Amino acid sequence: MAKKKSSKKGVPWKKITAIVVVIIVCLGGVSAWELYSMIYRSNVGFKADEKYFYIPTGSGFQDVSNALVQQGIIINQTTFDWVSEQKKYKLNVKPGRYLLENGMSNNELVNLLRSGNQEPVMVTFNNVRFKEELAGKVGKFIEADSTEIINLLNSNSFVSKYGFNTTTFLTIFLPNTYEFWWNTSAEQFVERMTTEYKKFWTTERKQKAKILGLSQSEVSILASIVQKETNKTDEKPTVAGVYLNRLKKGMLLQADPTLVYANRDFEARRVLNSHKAIDSPYNTYKYKGLPPGPICLPSIESIDAVLNAKSHNYLYFCAKADNSGYHSFASTYSQHLQNAREFQRELNRRKVYR
């Protein structure tokens with residue numbers, strides 16, 4: 001009896017091949033999507049739209065990666081580390097202050113950090129009397145801390161390189177707003193300030209100082225006194241003229257702001273005889289000439305007021321009794337006493353006794 005042929009056929013090799021190809025393509029698609037996601041999908045997520053990220057000088061890649069996690073900036077550290085390795089960021093860590101945008105991908109984040117394209121900081125300092133104040137204000141904006149800055153300002157060997165001593169060195173700092181990179185060292189900060197100082201002291205300004213018979217530091221020291229005497233811009237050249245007249249005559253400057261500085265009594269609204277008793281080189285009621293250093297960082301406006309001081313015969317001035325902030329000027333001591341009594345009576349009337 002003849003055998004029946006089986007109705008089942010073997011699976012064609014073409015079909016098997018097609019199935020295998022589909023599987024491979026699917027697997028490849030999944031892998032490609034995962035790879036794409038690791039590189040280009042968002043891995044930066046924080047509450048704000050923008051955030052500054054600081055990389056201190058000397059940081060290694062692992063320091064950066066861990067900081068991004070600790071500060072809640074990146075979502076997946078593993079993918080960030082992988083992309084960083086592929087783009088060789090691990091060998092190109094650059095310190096600085098970087099502005100990050102929420103939703104950045106690993107690719108965008110690594111490109112930014114690797115480029116070193118950091119955001120600058122604006123450093124502003126004014127109303128400064130002492131080196132410690134300057135160091136404290138600047139240290140809030142740049143990587144160098146206040147201790148590093150003050151140590152430089154107090155270093156005789158360092159400041160002597162610029163032709164100053166530790167007391168006159170403050171005169172190189174001109175109150176203003178300056179743009180810096182955050183990762184600025186104390187040395188770099190001072191070097192930038194000396195550059196600004198040299199730019200300020202033009203040939204014309206140097207010539208004016210020479211005509212006055214003052215060094216650049218002496219001009220700034222006198223300007224600091226003028227600044228503390230009056231905040232009226234139009235009056236500063238007249239006040240500067242009074243002090244220049246006194247210096248020429250060899251008179252004591254008798255500048256009240258220097259007493260306030262010497263006594264550290266910055267709340268005083270009235271200078272008393274007790275203030276005049278202090279034995280300090282800043283006591284211009286006791287010692288002739290300019291004090292050894294500035295009593296504040298004078299503004300450019302105040303420095304120019306000295307360089308362009310008005311020529312007159314006044315030797316005295318006293319605050320006006322009308323509380324306008326302006327002063328009464330006098331060429332004779334008798335006239336000055338009359339002006340001073342009027343002002344003192346007004347202080348008594350207002351019960352201002354110190």
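What's the total number of residues in region 241-265 that are in a loop (DSSP other than H, G, I, E, B) and closer than 24 Å to Val306 by Cα? Residues flagged as in a loop (DSSP other than H, G, I, E, B) and closer than 24 Å to Val306 by Cα within region 241-265 amount to 6.
Taking the numbered list (1) of a type outside the set (S, T, N, Q); (2) touching a Leu at 6+ places or on another chain (Cβ under 9 Å); (3) farther than 30 Å from Val226 by Cα in turn, Leu134 passes all entries but (3).
Only one entry of Lys249, Lys210 meets the criterion of being in contact (Cβ under 8 Å) with a residue 12 or more places away in the chain and out of contact with any helix residue (DSSP H, G or I) (no Cβ under 8 Å at 6 or more places or on another chain), and that entry is Lys249. Residue-level check: of (1) touching a helix residue (DSSP H, G or I) at 6+ places or on another chain (Cβ under 6 Å); (2) in a loop (DSSP other than H, G, I, E, B); (3) modelled with pLDDT under 95, Cys318 misses just (2). Glu119 meets all of the listed conditions (1) within 30 Å of Val44 (Cα to Cα); (2) touching a helix residue (DSSP H, G or I) at 6+ places or on another chain (Cβ under 6 Å); (3) among the charged types (D, E, K, R) but one, namely (2).
One line per residue, one yes/no per condition, for (1) of a type in the set (Ser, Thr, Tyr); (2) modelled with pLDDT under 95:
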residue	(1), (2)
Lys248	no, no
Val260	no, yes
Asp265	no, yes
Thr284	yes, no
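Of the helices (runs of 4 or more DSSP H) lying entirely inside region 51-169, those containing at least 1 residues that are of a type in the set (Asp, Glu) are 61-70, 77-86, 106-115, 131-139, 146-153. Residues being modelled with pLDDT of 95 or more, basic (Lys, Arg), more than 14 Å from the chain's Cα centre (by Cα) and farther than 30 Å from Val93 by Cα are entirely absent from region 159-175.
Tell me the residue from Asn66, Asn92 that is over 28 Å from the mean Cα position of the chain (by Cα) and outside the structural domain of Val190 (by TED's automatic domain parsing), please.
Asn66
The values are calculated or read from the model by the stated rules, or taken from the named source; none is laboratory data. All values reported here derive from a predicted model rather than from experimental measurement. All Cβ positions, glycine included, derive from the backbone under ideal geometry; neighbour counts span all protein chains shown.
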